[in-house]
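Novice: Quick one: structure below, then a few questions.
Where a number appears in this text, it was derived from the coordinates with a stated rule and is not lab data. Predicted model, so just to flag it, every value in this text is computed and none were measured. Cβ placement follows ideal geometry from the backbone for every residue including glycine, while neighbour counts extend to all protein chains displayed.
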Amino acid sequence: MIFKNFSFLEINLIIIIIMAILGSKFKFYEKFKHYDMLFHFVSGLILTRIGFIFALGIMDLKLCYLYSIAFMFAVTIQSIWEVFEFLCDEFLGTNMQRRYYSINMPDSRIKSAAIRDTMTDTIFYIMGVLSYIIVIITQHYMYH
């Protein structure tokens, strides 16, 4: 098996990196209408799991606190990422927020597109976070 020498964390980070590369370098964001939403949903699942594992390893807490820490960890990472996208667009001239749909688009529509992208990313990310938490809670109560 190709991943036998990799840890859980490394495999999941590799998945996120591969999805990001497919989206930007191989134009999956343009080729597949919902790829950005899928990317943020999957990232939410993965980073919530990573936050949950970190919380388990650090402290002996009740499950409700573990879920809360995992949620806060994942949403914090998402927030930092969205700030990173904004800063790259503002200072490096990138198009990470999909702001530049058309050269002739009015400035107000460009800002609206950037806000829409950020909010859609955040909504789908949080959907991934909550999906993971629901699954883990369901598993806990089914097997305990």
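Novice: Helix-only estimate, please: 222 nm mean residue ellipticity of the chain, summing -39500 (n - 2.57) across DSSP H runs of length 4 or more and dividing by its residues, to the nearest 500. Each step should come with its number before you reach the end.
Specialist: Values: 5 runs with 112 residues, N = 144.
That comes out to -27000 deg cm²/dmol.
Novice: Assigning unit charges at the beta carbon (Lys, Arg +1; Asp, Glu -1) and nothing else, what dipole magnitude in debye, to the nearest 20, does the chain show about its Cα centre? The partial results should precede the final answer.
Specialist: Values: 12 positive and 11 negative charges, 71 e Å.
Computed charge dipole of the chain: roughly 340 debye.
Novice: Once both axes come from the Cα atoms, what is the angle between helix 107-143 and the longest principal axis of the chain, in degrees from 0 to 90, rounded to 10?
Specialist: 10 degrees
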